[in-house]
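The values are calculated or read from the model by the stated rules, or taken from the named source; none is laboratory data. Because the structure is predicted, anything quoted here is derived from the model rather than measured. With ideal geometry, Cβ positions are generated from the backbone for all residues, glycine too; neighbour counts draw on all protein chains shown. Heavy atoms of the whole protein, side chains included, go into the accessibility calculation; ligands, DNA and RNA do not. Shrake-Rupley method; radii C 1.70, N 1.55, O 1.52, S 1.80 Å.
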Amino acid sequence: MENLSRYRGIAAGALAGVCVVVAACVDTNAPLPSAQVSSKKSLTELVCKASIATRSVSCEPASRVAAPVGSNAEILTGQNTYVRLTSSNVFYDSGTQIFQFDVTVQNLSNEAIGTPDGVVADPQGIQVFFAGGPTVTGGSGTISVANADGVGSFTGASQPYFAYHQILPTNAVSDSKTWQLSIPPTATTFTFGLLIETDIQYLLVINEVMVNPSGNTIESTGDWVEVYNAGSHSVNLQGLVLADSAASGRRPYHLINDTDANLTIPSGGYFVLGSTKNTVSNGGVPVDYAWGGAVALASSLDAFKIARVFGTDTLTIDRTQYANASISAADGVSRELKNPALDNSNMDGSNWGSASVTSVYGTGGRGTPKAQNSSFTPNLMVEFPILGSRLTDPGRQARGSATPSRE
């Protein structure tokens, strides 16, 4: 059995910044936004076929189908792309009428699964559930799941599932679980459909920041932050929160909430957050989402973070800060992360560079919004302690941190 995948898109990558100036890093107990918007879900379904005579189970992607009415789900296909399920030790006992096999789950995505941030476990685990069947296709009789871990309502009512309570980094394989189906000896072949539901880690990277836009007329409206999606999955920013930190502490979180705009960042894509979408007022930067007056990047020292609401808490997706105005707040010059795989917690540090003199946009100054940075450095070899892997030239690949932040 191979290639079953489905992900619940409520997840976050955790990347904590180390404070170089305490005042710029203080996070006060400001209240969370009252509105909480559920993240979009994505589904990939497999149809599996089994034979009692040959003791075999095999799966292949189902055709694209519509999401259930009223759900926030999107049905996708993608064999051997995100997850692989593998079966072994297939056995049928005609006496007990139990058909059983062991199943493992392998994560093929850049993101960790079974976790919203790479550290905190999804309390429901990685749930592999029956979206259809099992149904007899040869012979006769009725089949049921004999040892499910539970029954839930994922895409329909009363769907049995098996839960794998593990965090799986890239390429990791779960422990095996034994699945048992009750099958009469009059049945010879049968089919069933499977989906996976689990939290996945968002791998969003703060990739470029304009702190001090050129010209007095756009000083308060020309700030912007570019976010890069280093994950395998697209990410919908709807319902995430962001904030910057003044010297007195973090300002209240701002909820990203715009149901009329496209807030999805594809894998390897760029997204610009800024004060306003008006290109006359912001100096010509193509802002995808405007935070209005909720964020005001100081030209002295400040910090910026993007996070997800997790119950009554928040999990940091990414965070960066700066304290040297001459480096990170130069007039009309953005700071660029040299590679999305690098530690970006300190904008004043050597992992960041200034936009080149030829990288000019509008009247706002130097920068590369929604494009690869002018200071981009390829062919890096970086080790990620959380993900447990090494990536070469990971400009479009996973990124992690040894010190995820939860607040």
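Results, tabulated for the structure shown:
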| read-out | value |
| --- | --- |
| Computed log₁₀ I(q)/I(0) - Debye formula, equal Cα scatterers, no solvent, the range 237-387, q 0.10, 0.12, 0.15 Å⁻¹ | -0.37, -0.54, -0.89 |
| Alpha carbon convex hull of the range 92-221, volume per residue in cubic angstrom | 157 Å³ |
| Packing rank of 206-212, 52-58, 159-165, 306-312, where each peptide gets the mean count of other beta carbons within 10 Å, highest leading | 206-212, 159-165, 306-312, 52-58 |
| Protein accessible area in the range 143-290, 1.4 Å probe - carbon and sulfur % | 46 percent |
| Solvent-accessible area per residue, Å², over the range 195-325 with all protein chains present [probe radius 1.4 Å] | 28 Å² |
| P(r), alpha carbons of the range 156-244 - 10 Å bins starting at zero, rounded % | 10, 25, 24, 16, 12, 8, 4, 2, 0 |
| Mean accessible surface per residue for the range 128-174, computed with a 1.4 Å probe while every protein chain stays in place, in Å² | 44 Å² |
| Ranked packing of 284-295, 122-133, most packed first, by mean Cβ within 10 Å | 122-133, 284-295 |
| Modelled label reach - Thr104, point 7 Å along Cα→Cβ, the range 160-198 residues with backbone N closer than 16 Å | 164-179 |
| Alpha-carbon Rg/Rh ratio, for the range 228-314, with Rh computed the Kirkwood way | 0.97 |
| Linear extension gain, Ala296 paired with Ser158, 0.36 nm per residue minus alpha-carbon span | 44.8 nm |
| Förster radius 25 Å - calculated FRET efficiency between Ala261 and Phe376 (Cβ-Cβ, nearest 0.05) | 0.35 |
| The range 275-326: relative contact order as a whole-number percent, Cα under 8 Å and 6+ apart | 27 percent |
